[in-house]
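Notes follow the structure.
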Amino acid sequence: MIVLVGFMGAGKTTVGHLLSERLGLPFADSDRIIEQRSGRSIPEIFAEDGEPAFRALEHQVIADLLDGPPLVLALGGGATEHPGTRDRLARAQVVYLQVGYEQAMQRVGGDQGRPLLARPDLAATYQRRLPLYAELATLTVSTDGRHPEAISQDILTRLTTEPTVGGRAPYLPSRP
Ligand code: S3P
């Protein structure tokens with residue numbers, strides 16, 4: 001199981017797809033599973049039920065995915081704000097895709113599918129989350145100005161050369 005965390009626009013979904021192809025592991029994106037389970041889009045859930053309800057659903061979906069078979073799993077940028085999700089991630093292999101605030105805004109600017117972009121306190125939210133991502137990460141990769149292919153190659157190289165951290169399960173599926 002490889003879990004990708006980072007702010008909106010870090011490239012978790014794009015890089016996750018590339019990693020899943022290279023590793024021969026299925027890919028899942030927690031946002032898409034939330035939408036499938038609830039039968040609604042992320043903006044609809046935020047608008048109809050509010051953010052706390054979204055976070056509760058997000059936590060449950062991520063916990064279920066972590067209990068399932070190995071995946072490359074991309075999380076929504078706010079998933080690490082939930083203490084229960086952080087507890088679960090403390091035992092997983094977590095790759096943190098770092099992105100600067102300006103670069104993140106350039107990548108996602110104006111996306112109607114991301115309700116947080118309308119928040120006036122978005123920059124503060126970004127700052128608040130940085131230490132959460134960093135604390136959970138077993139591997140941290142900078143993405144600013146880099147192509148997803150290069151980022152994914154960097155991750156693969158480091159996964160095969162760097163020792164696993166803190167006794168967490170190995171990143172890579174064992175090969176026959
Ligand atoms: C959110 C990020 C989104 C999605 C939701 C909330 C956030 O995921 O989960 O809109 O709180 O940062 P991405 O990081 O994939 O955009």
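The values are calculated or read from the model by the stated rules, or taken from the named source; none is laboratory data. Given the structure is predicted, the values throughout are model-derived calculations rather than measurements. Using ideal geometry, Cβ is built from the backbone for each residue, glycine included, and neighbour counts are taken over all protein chains shown. The accessibility values were calculated without ligands, DNA or RNA, using every heavy atom of the protein model including side chains. Shrake-Rupley method; radii C 1.70, N 1.55, O 1.52, S 1.80 Å.
Of note:
- Listed by first and then second residue, the pairs linking a residue in region 34-58 that is among the aromatic types (Phe, Trp, Tyr) to a residue that is at pLDDT below 95 and surrounded by 14 or more Cβ atoms within 10 Å (Cβ to Cβ), with Cβ atoms under 6 Å apart and 6 or more places separating them unless they lie on different chains, are 46/115.
- If the condition is being within 16 Å of residue 129 (Cβ to Cβ), surrounded by fewer than 20 Cβ atoms within 10 Å (Cβ to Cβ) and not charged (D, E, K, R), then region 60-81 contributes only 78.
- Region 128-165 - residue that is exposed (fewer than 11 other Cβ atoms within 10 Å of the Cβ) and among the polar types (S, T, N, Q) and, of those, modelled with the highest pLDDT: 157
- Residues of region 84-98 satisfying the condition of being out of contact with any strand residue (DSSP E or B) (no Cβ under 8 Å at 6 or more places or on another chain), within 15 Å of the ligand (Cβ to nearest atom) and open to solvent by 10 Å² or more (accessible area, probe 1.4 Å): 86
- Candidates 58, 102 - the one that is in contact with a His (Cβ under 9 Å, 6 or more places away or on another chain) and assigned to a helix (DSSP H, G or I): 58
- Criterion (out of contact with any Cys (no Cβ under 7 Å at 6 or more places or on another chain), more than 10 Å from the ligand (Cβ to nearest atom) and at negative phi) met by exactly one of 64, 31: 64
- From the options 7, 54, residue that is within 14 Å of the ligand (Cβ to nearest atom) and over 13 Å from the mean Cα position of the chain (by Cα): 54
- Yes/no for residue 103 being touching a residue at least 12 places away in the same chain (Cβ under 8 Å) and within 12 Å of the ligand (Cβ to nearest atom): no
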